[in-house]
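Beneath this line is the structure, given in structure tokens, with notes to follow.
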């Protein structure tokens, strides 16, 4: 994208019908570190890459609990993300106060989208530079939405945002049809696999990632480092292959996986084994 | 409307605050039964001690899943219906497949009633809110001071004193529709005999997962031929 004479104000259209400031805001999302989300019928998992600036500093917080039934993972300007998370928390708690019940996720994302849209139509504002993956549960089931700086929002079975998110998306595109019926454990494992794809060969450890889960009967919470590391160890020990998708949430790595294939892009061993080629990054 | 909230005791605000009720409805009774909720109320609107209006509908559906019944000041009930209308309208304007259930409506009303009470300008009503959503039955009540609770059977006004003891003895889980109606009619008959603001013209409403139905008005048969009423003055010379 090159600079041009129509990109100074958010309220200036280009002759081609584009709002460049909004598109630049979406670029900011693409530059942020990756965040992914996936959902089954009963659970939603959010995961993000948390890189610290230096060894001395702490990691940036990119996943926020909004309510017991909703959480959000962000990519882009994290300060904008924090502010929007606070807004979301406020909306949820106000709704709970008036109605004694949980704010439906679909309503929250519409409110968020409308808030973002306002910033694309005021000359004294700028668009929010953050993309939000909103995962939550309500009466109509488990939901995953993506809210964009443009004010658009979409519902997804699985999605990834931020830098090198395409690698995660490619992984999830192969497997997303299995997610709906997936068990909680397999969903988390798939999230970790997808997250690893965005690291381009760098080792995945619990120090550089964050994973959070929400499900039926399970309030939104961020998994602690030990749990995450245990899950990482489990599938790295199994020869870096994707787990078989039988409903077998055991914790001993005794699945007779014929290992040996050590390509970073693991060969798929799903039940629908239609001669899937190993993924090259 | 705005200035009434600024000074509680100024004379300007006084003319806008509710001080006493004028046209009132008497008891409402609600019970849970096998398929949902049954609610009953008579159609009387009293003007003090005069039984002035005899076709007042004191129960109305709210949204898809709820039914509200009110006793107390009728004009305040009409105001509450306007609030609920606005609420359900805004809810459906989202057009997102979500809808407010009876629990949500009850809590919203509780907030409204309690907030008005705190401003010393109450809506002079006792409300019964019942409904069914996704198979879950809900029955609650809230009054003008904001006291609210849920139960298997609730009543307002005189119904609390005369009907609820009967319900405590005779209500049970999984009442059939016919048994529920009989039970409510028994309570209403007692109220008709003993509550001077009751009129003999009532409606019964039922709400189930399929929706709300409010019956046409009808009357209860009463019996006045008790032997104690024959020759009432036989034991008291000179009385009438």
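The numbers here are math on the coordinates, done by the rules we state, and not lab data. All figures in this text were calculated on a predicted structure; none of them were measured in a lab. Don't worry about glycine lacking a Cβ; one is built from the backbone with ideal geometry, like all the others, and counts go over all protein chains shown.
Normalised radius of gyration (Cα atoms, divided by 2.2 N^0.38 Å) for the stretch B:162-240: 1.50.
Estimated translational diffusion coefficient (Stokes-Einstein, Kirkwood radius over Cα pairs, 10 °C, 1.306 mPa s) of the stretch B:82-225: 93 µm² per second. The distance linking the stretch A:112-177 with the stretch B:140-159 is 44 Å (Cα centroid to Cα centroid, whole angstrom).
Modelled spin-label separation between residue B:89 and residue B:210, with each label point placed 7 Å from Cα along the Cα-to-Cβ direction: 3.1 nm. Using Cα pairs closer than 8 Å and at least 6 residues apart in sequence, work out the relative contact order for the stretch A:93-170, in percent. Worked out over the stretch A:93-170, it gives 25 percent. The alpha carbons of the stretch B:40-133 stretch over 48, 30, 19 Å along the principal axes, in descending order. Note on the protein assembly as shown: the C-alpha convex hull projects to 37.1 nm² when averaged across all orientations.
Wrap a convex hull around the Cα atoms of the stretch B:107-160, take a quarter of its surface area, and give that in square nanometres.
Details: hull surface 15.2 nm².
One quarter of the hull surface, i.e. the mean projection, equals 3.8 nm².
The angle separating the long axis of helix B:158-170 from the principal Cα axis of greatest extent in chain B is about 80 degrees. Using C-alpha pairs below 8 Å separated by at least 6 residues, the relative contact order for chain B is 25 percent. Rounded to two decimals, the Cα-based Rg/Rh of chain B, with Kirkwood Rh, is 1.03.
Each of B:50, A:227, B:24 was scored by other Cβ atoms within 10 Å of its Cβ. Arranged with the fewest first, they read B:50, A:227, B:24.
Peptide A:99-105 is shielded by partner chain Cβ atoms: per residue, an average of 4 of them sit within 10 Å of its Cβ. Modelled spin labels at residue A:89 and residue B:120, positioned 7 Å past Cα toward Cβ, are 3.8 nm from each other.
Rg and Dmax over the alpha-carbon atoms of the stretch A:49-166 stand at 14.7, 46 Å. A P(r) calculated from all alpha carbon pairs of the stretch A:159-235, with 5 Å bins opening at zero, reads 3, 15, 25, 26, 22, 9, 1, 0 percent.
Between residue A:139 and residue A:233, the FRET efficiency estimated from the beta carbon spacing at R0 = 35 angstrom works out to 0.40.
Inter-part distance, the stretch A:1-73 to the stretch B:54-89, computed on C-alpha centroids, equals 46 Å.
Computed as a quarter of the hull surface, the mean projected area of the alpha carbon convex hull for the stretch A:1-117 stands at 10.2 nm². Between residue A:157 and residue A:121, the C-beta separation translates, for a Förster distance of 30 Å, into a calculated FRET efficiency of about 0.45. Each peptide in B:181-190, B:39-48, A:171-180, B:67-76 gets a packing score, the mean of other Cβ atoms within 10 Å over its residues, and the list from highest to lowest is B:67-76, B:39-48, B:181-190, A:171-180.
How much length, in nm to one decimal, is gained on full extension between residue B:179 and residue B:52, taken as 0.36 nm per residue of separation minus their Cα-Cα distance? Don't jump to the answer; show the numbers that get you there.
On the way: separation 127, 0.36 × 127 = 45.72 nm, distance 3.22 nm.
Extra length available between residue B:179 and residue B:52 comes to 42.5 nm.
Taking every residue in B:97-107 and counting other chain Cβ atoms within 10 Å of its Cβ, the average works out to 3. The base-10 log of I(q)/I(0) for the stretch A:124-201, evaluated at q = 0.19, 0.27 Å⁻¹, reads -0.90, -1.37 [Debye formula, identical scatterers on Cα atoms, solvent excluded]. Note on residue B:96 and residue A:98: their simple-model spin labels are 1.3 nm apart, each label 7 Å out from Cα toward Cβ.
Sorted from greatest to least, the principal axis extents spanned by the alpha carbons of the stretch B:37-95 come out as 46, 24, 14 Å.
Before rounding to the nearest 500, sum -39500 (n - 2.57) across all DSSP H runs of length at least 4 in chain B and divide by the residue total; then give [θ] at 222 nm in deg cm²/dmol. Each step should come with its number before you reach the end.
Details: 5 runs with 72 residues, N = 240.
Calculated from helices alone, the mean residue ellipticity at 222 nm is -9500 deg cm²/dmol.
For the stretch B:80-168, relative contact order (Cα pairs under 8 Å, six or more residues apart, normalised by length) works out to 22 percent. Among A:138, A:190, B:85, the ranking by other beta carbons within 10 Å of each residue's beta carbon, starting with the fewest, stands as B:85, A:138, A:190.
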